[in-house]
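Here is the structure we will look at, set down as structure tokens.
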């Protein structure tokens with residue numbers, strides 16, 4: 001056995017401990033303070049976890065499934081609903097577990113997100129490519145091996161099967177399958193950004209938002225003849241049956257009844273624009289029923305025919321409604337509160353030639369969209385989601401002022417969509433006035 005000799009040396013201990021002196025009066029209050037603080041925090045989070053207060057306002061599933069993909073990363077962001085917006089509250093969520101998501105197949109491109117977090121989420125494979133000969137978008141979408149094949153819609157929303165003569169007792173507010181959220185970016189990271197305008201760029205093109213804002217839209221609005229064409233490639237897209245807005249579905253979340261699908265939204269926008277003094281042609285035909293396939297091809301033929309007969313038309317607006325469905329089956333209702341009324345969030349979609357189809361003037365469309373987004377943001381800060389720039393063409397090569405307008409999702413109500421339509425029309429007309437005043 002080795003014999004230890006000499007005195008032990010404690011060079012790294014505080015001097016008062018080496019000498020055996022510990023002032024309990026100095027240490028004890030600090031330990032007590034830390035202990036009490038830990039107990040208070042533990043009690044707070046325990047009560048919060050047992051309460052529905054927080055989870056009614058913060059949608060953690062939606063944060064992981066949708067907002068992360070909006071930002072192209074899994075970093076933290078803000079998830080707000082109208083209640084927390086009114087209270088000027090926000091929640092920054094971090095380190096949440098991976099949550100798979102999928103988009104409803106009924107909307108082809110609508111709400112589709114770019115790949116992100118491949119190592120966690122699995123590869124996102126988008127097969128919504130336009131057909132090189134027709135400009136049509138295919139109807140199959142896959143999200144990697146970890147997600148089941150996409151169904152034609154969310155089966156839990158089949159309350160729309162109710163007969164039109166039957167009084168409806170359902171409410172989107174009380175539907176446990178519907179998550180009400182407001183989509184907003186938490187920072188410019190992951191976006192092309194400038195002067196309050198965000199673009200979720202899903203192309204390889206480099207976009208300088210400021211340069212587009214410095215350009216003027218190439219539009220001639222001086223004619224007394226129609227200058228705007230409104231059309232609906234997916235006219236049968238409908239909203240959540242709620243209140244008096246009950247319809248007979250022709251497919252999941254779809255109806256050919258034009259009083260309840262996106263044609264009704266187009267009617268609202270058309271009326272308001274015409275009242276403002278601009279000529280509008282509204283095509284109310286349904287191109288996606290009974291056959292969904294080929295709807296973009298059928299729409300393009302009509303657009304070309306109308307433009308040939310009305311060469312003064314400068315702007316083509318293709319009005320849709322979005323759809324968001326998580327892997328768990330939850331659907332998302334994108335809303336914001338404006339002047340004490342619920343409005344469905346809207347989304348501008350702009351196509352490019354990156355998909356291979358001829359579209360040399362897509363930057364002119366983006367110029368108009370950027371100016372419109374800025375106007376919308378100034379008038380109603382939370383109404384519009386970031387612009388979605390896509391590689392597909394979406395029939396937008398027909399004019400210098402074409403874009404897709406998504407009004408709400410399948411879980412928004414028609415009432416919310418119509419309110420958003422009125423807000424959009426107001427900002428849109430104000431922008432047209434500004435453009436016309438310089439001509």
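Things to note:
- Residues that are under 27 Å from residue 385 (Cα atoms) and either at pLDDT 50 or above or not in a helix (DSSP H, G or I) (or both) within the stretch 152-165 comprise 152, 153, 154, listed in sequence order.
- Scanning the stretch 258-276 for residues that are farther than 19 Å from residue 316 by Cβ and free of Cβ contacts under 8 Å to residues at least 12 places away in the same chain yields a single hit, 275.
- Odd one out for residue 333, checked against (1) in contact with a strand residue (DSSP E or B) (Cβ under 7 Å, 6 or more places away or on another chain); (2) surrounded by fewer than 17 Cβ atoms within 10 Å (Cβ to Cβ): (2)
- Being within 23 Å of residue 288 (Cβ to Cβ), at pLDDT 95 or above, surrounded by 18 or more Cβ atoms within 10 Å (Cβ to Cβ) and touching a strand residue (DSSP E or B) at 6+ places or on another chain (Cβ under 7 Å) is a property that holds for residue 346.
- Qualifying positions in the stretch 363-398 - outside any helix (DSSP H, G or I) and closer than 15 Å to residue 315 by Cβ: 394, 395
- Filter result (without any contact (Cβ under 8 Å) to a residue 60 or more places away in the chain, in a loop (DSSP other than H, G, I, E, B) and touching a helix residue (DSSP H, G or I) at 6+ places or on another chain (Cβ under 8 Å)) within the stretch 278-320: 283, 284, 285, 286, 287, 288
- The set of residues from the stretch 261-277 being more than 17 Å from residue 321 (Cα to Cα) and part of a helix (DSSP H, G or I) comprises 271, 272, 273, 274, 275, 276.
- If you go through the stretch 321-345 and pick out every residue that is more than 13 Å from the chain's Cα centre (by Cα) and outside any strand (DSSP E or B), you end up with 6.
- Within the stretch 360-381, the residues that satisfy the criterion of being over 19 Å from residue 215 (Cα atoms) and either in contact with a helix residue (DSSP H, G or I) (Cβ under 6 Å, 6 or more places away or on another chain) or surrounded by 19 or more Cβ atoms within 10 Å (Cβ to Cβ) (or both) are 379, 380.
- Check on residue 386, within 18 Å of the chain's Cα centre (by Cα), free of Cβ contacts under 8 Å to residues at least 24 places away in the same chain and surrounded by fewer than 24 Cβ atoms within 10 Å (Cβ to Cβ): no
The values are calculated or read from the model by the stated rules, or taken from the named source; none is laboratory data. Since we're looking at a predicted model, the values are computed, not measured. For neighbour counting, all protein chains shown are included, and Cβ atoms are generated from backbone atoms with ideal geometry for every residue, glycine included.
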